[in-house]
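Below you'll find the structure, written out as structure tokens, and then a few comments.
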């Protein structure tokens, strides 16, 4: 019985080594996803603070504290300094 060309097209070995995922490929995607989620959360928070909390005397200081704290954490994460 002759071998079908369609059956021989399926790989019988594991995926090639070049396809293996490494931290250098996965971590930027993880960090980009976290940054996008942070950005969405920040935009929603600023919108709600601006439209529903504008009469409060704590409005501007809360924006400054949130923005400064976020900036410090983003710069710390981007620096790669862990220890």
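Listing for the model above:
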read-out	value
Some residue of the range 73-82 being loosely packed, with under 10 Cβ neighbours inside 10 Å, modelled with pLDDT of 75 or more, on the phi < 0 side of the Ramachandran plot and out of contact with any helix residue (DSSP H, G or I) (no Cβ under 7 Å at 6 or more places or on another chain)	yes
The range 39-62, residues that are under 28 Å from residue 28 (Cα atoms) and in contact with a helix residue (DSSP H, G or I) (Cβ under 9 Å, 6 or more places away or on another chain)	42, 45, 46
Selected residue [loosely packed, with under 10 Cβ neighbours inside 10 Å and at pLDDT 80 or above] from 5, 14, 57, 61	57
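The values are calculated or read from the model by the stated rules, or taken from the named source; none is laboratory data. Bear in mind the structure is a predicted one, so any value in this text is a computation, not a measurement. Note: ideal-geometry Cβ built from the backbone for every residue, glycine included; neighbour counts use all protein chains shown.
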